[in-house]
């Protein structure tokens, strides 16, 4: 829908940023690359029958910036690309994705101003494969102040407000959100803290038929930060009121994360959460890496209970880095038949073939169950990619991927696809990183 343009949303933050005193240029790191990717697919529409081969050419540019100053902290990484389709099945398209966050310490340790943006490509309907007909970009922009006070030594009181704009490219799911949070952090030690928080979330949808939301969440979280073992254990309760005589939604919520570093660089990371939401947390986090696919229902303004869990294990083996990951997602909708459960287990291997050449390979398998819609799918995917630093400025990444989705007698959603790609990039600005 793009109801409000990005420049309009960012105007207050840009005006505030302009008032900053001069910042040393040397403290700001900027990287810019131009690239061209040629991609062959054996099944561009991801259909079970009448598969159509296609070449897709994608020129583009990536821009990244970072600054770790005492007054301003900045991270940004965006990619703009033009997808040019050889066949006439899909129209050529422009796509911009990425994420950025700026924290301005207006009064150090007292008042911060935060501006963040995430642009993610996702499915419109999680049941269907991700193709141009079932894909849109969702932009989430948040900005607001955080006031910090110290009622007593070691403790901190935080009062935060965030104004958010959620804008979908195609579907009528745009919204304006007001999030107000009060936190009291009890400093138990230098590495441990107990946090009590109360949060109010108000959501107003552009679509007049979608009920507006007014949610409250109270939570207590115990956290420890250390070099070898860090954790955060939080539990609370959420209640969401809806207009248009829709029933309230309420329930227990939690958020858990554990990070353990063992000898020989062996690491274990675990996270799990349960929350009552109307858009998935995956859209706020964004894709983990270029080319990653987000599978969500972005065509709805509906409340659901979302449970997420992820376990990741990694360790070096000689000249290799090996990682094993398990992801589980469940979404329980209140009023529509879109309940789903998805899990994926994957293994990744990275090996430095030479000082300038890196091989990466991964394989994953899982299931996607859409109980209300009567469809279950088995998913299989794998890839082999080689990154070659041709020179300090030129980099070549090439390889192949395979994807398969099997739903048995399902009417739609089944497909098999082979993908080959080569991407040549040139570093316009910045420092070469093999």
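Since every read-out is calculated from the coordinates, none of them should be taken as a lab result. Not measured: the values here are computed from a predicted model. Here the Cβ is made from the backbone with ideal geometry for all residues, glycine too, and neighbour counts use every protein chain on show.
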Between residue 332 and residue 189, what length comes free when the chain is fully extended (0.36 nm per residue of separation minus the Cα-Cα distance, one decimal in nm)?
-> 47.6 nm
Sort the following peptides by mean Cβ neighbour count (other Cβ atoms within 10 Å, averaged over residues), highest first: 233-246, 138-151.
-> 138-151, 233-246
Quick one: what Rg and Dmax do you get for the stretch 267-338 from the alpha carbons, in Å?
-> 15.4, 52
Projected label distance in nm at residue 268 and residue 360, using a 7 Å step from Cα toward the beta-carbon = 2.6
Ratio for the stretch 226-311, C-alpha Rg to 2.2 N^0.38 Å, reads 1.39
When the scattering of the stretch 77-135 is computed by the Debye formula from its Cα atoms alone, each counted once and equally, what is log10 I(q)/I(0) at q = 0.22, 0.25, 0.29, 0.30 Å⁻¹?
-> -0.95, -1.06, -1.14, -1.16
Under the definition of Cα pairs under 8 Å and six or more residues apart, what whole-number percent is the relative contact order of the stretch 195-249?
-> 31
For the stretch 142-221 the mean separation of alpha carbon contacts under 8 Å (6+ apart) over residue count, i.e. relative contact order in percent, is 23
Projected area of the stretch 332-434, taken from the Cα convex hull and averaged over every viewing direction, in nm²?
-> 9.4
Calculate the all-directions average of the projected area of the stretch 61-188's alpha-carbon convex hull, and give it in nm².
-> 11.0
Using a 10 Å cut-off on Cβ atoms, rank the peptides 254-263, 121-130 from the highest mean neighbour count down.
-> 121-130, 254-263
Place a point 7 Å from the Cα of residue 220 in the direction of its beta carbon; the residues of the stretch 186-214 whose amide N falls under 12 Å from it are 194-197
Compactness index (Cα Rg / 2.2 N^0.38 Å), the stretch 240-368 = 1.33
Mind pulling up the Rg/Rh value for the stretch 21-126? Radius of gyration and Kirkwood radius, both on Cα.
-> 1.17
Compute the distance in nm between two label points, each set 7 Å from the Cα along the Cα-to-Cβ direction, one at residue 309 and one at residue 244.
-> 3.4
Debye log10 I(q)/I(0) at q = 0.14, 0.19, 0.21 Å⁻¹ for the stretch 150-198, Cα point scatterers | -0.53, -0.68, -0.74
Binned at 10 Å starting from 0, the alpha-carbon pair-distance distribution of the chain in whole percents comes out as 4, 17, 28, 29, 18, 4, 0
Among 113, 266, 80, whose mean-square fluctuation peaks in a Gaussian network model of the chain (Cα, cutoff 10 Å)?
-> 266
Choose one answer from 198, 45, 226: the residue with the largest mean-square fluctuation in a GNM of the chain with alpha-carbon springs under 10 Å.
-> 226
Taking the chain as a Gaussian network, where each spring joins two C-alpha atoms under 10 Å apart, which residue of 248, 50, 299 fluctuates the most?
-> 50
Plugging the Kirkwood radius over Cα pairs into Stokes-Einstein for the stretch 145-254, at a temperature of 4 °C and a viscosity of 1.567 mPa s, what D comes out in µm²/s?
-> 80
Length-normalised contact order of the chain, Cα under 8 Å, at least 6 apart, in percent, tallies to 12
